[in-house]
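Student: Once you've had a glance at the structure underneath, I'll fire off some questions.
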Amino acid sequence: MKNNIKELRNAIKLTQGDLAERIEVSRQTINAIEKGKFDPSLPTAFRLAAVFNCTIEELFIYES
Amino acid sequence: MSSELYINQKSNSMKSKLIESRNRVAKWSVAWILTTALVTFGSQFLWESQIITVLTIILSLAVGVGMVMANRNFVNEGDELQRKIQLESMGLTLGLSVVVGIAYAQLDTTDLIAQDAEISFLVLFMGLTYILCVFFNARKYS
């Protein structure tokens, strides 16, 4: 699953560590999500969307 | 309290909780190794009483349970990726240990190896496999 997290994170000048602290996961998890190596759970996706003030659909691009 | 401050305090407590639980696993593991050594070497060199041997085995079992519980807490306190890494590593370790353990026992029962199959080899194999699996799984997601 692709996502726009890196672009949105850079736009509000957050480091991976800052974002990880905000949604209570490790920096490694943020890195893996950004690279598309790991799909987060629904609660984590909601927390990410809340940080960027957008919807989950705006954050993640589902590829069937 | 501002939300920024609240989040920082919360994540700091999460980090320190993880460090604490990792240290707890290390302490319990060292204690278990020491009690296991006490049972093995104590009965050989320190005492002859079977009652003391039984008591030290019970102590070793109790400390072993403590180590398992500490490990369980450590896994539960990780985030979802850390839990996935642990789960994959444990699954691989379990599967490989069963397959390699049975093959090793068959080497013994068919007299293809000179010495008897020792459980300590399997425990060593499990430990090394688990460490390698965690290392490679962590790299896979980095």
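Student: When you check A:GLU63 against the structure, is it farther than 22 Å from B:ASN137 by Cβ and part of a helix (DSSP H, G or I), yes or no?
Tutor: no
Student: Right, something else. Looking at the range B:125-142, I want the residues that are outside the structural domain of B:ASN71 (by TED's automatic domain parsing) and open to solvent by less than 40 Å² (accessible area, probe 1.4 Å) and have a partner that is modelled with pLDDT under 95 and of a type in the set (Lys, Arg) with Cβ atoms under 6 Å, at least 6 apart or on another chain. Which pairs are those?
Tutor: B:TYR141/A:LYS37
Student: B:GLY91 - would you say it is in a helix (DSSP H, G or I) and either more than 28 Å from B:LEU132 (Cβ to Cβ) or in contact with a Ser or Thr (Cβ under 9 Å, 6 or more places away or on another chain) (or both)?
Tutor: no
Student: Within the range B:109-116, is even one residue in a helix (DSSP H, G or I) and of a type outside the set (Lys, Arg)?
Tutor: Scanning the range B:109-116 turns up at least one residue that is in a helix (DSSP H, G or I) and of a type outside the set (Lys, Arg).
Student: Follow-up question, since we're still on this one. Does B:ILE85 count as crowded, with 16+ Cβ neighbours inside 10 Å and of a type in the set (A, V, I, L, M, F, W, C)?
Tutor: So B:ILE85 passes the test.
Student: While we're here: State whether the residues of the range B:67-78 include one that is out of contact with any Pro (no Cβ under 8 Å at 6 or more places or on another chain) and not in a helix (DSSP H, G or I).
Tutor: yes
The values are calculated or read from the model by the stated rules, or taken from the named source; none is laboratory data. Quantities reported herein were computed from a predicted structural model and do not represent experimental measurements. A quick note on method: Cβ atoms are made from the backbone with ideal geometry, for glycine too, and the neighbour counts reach across all protein chains shown. What goes into the accessible areas is simple: the full protein's heavy atoms, side chains included, and nothing from ligands, DNA or RNA. Shrake-Rupley method; radii C 1.70, N 1.55, O 1.52, S 1.80 Å.
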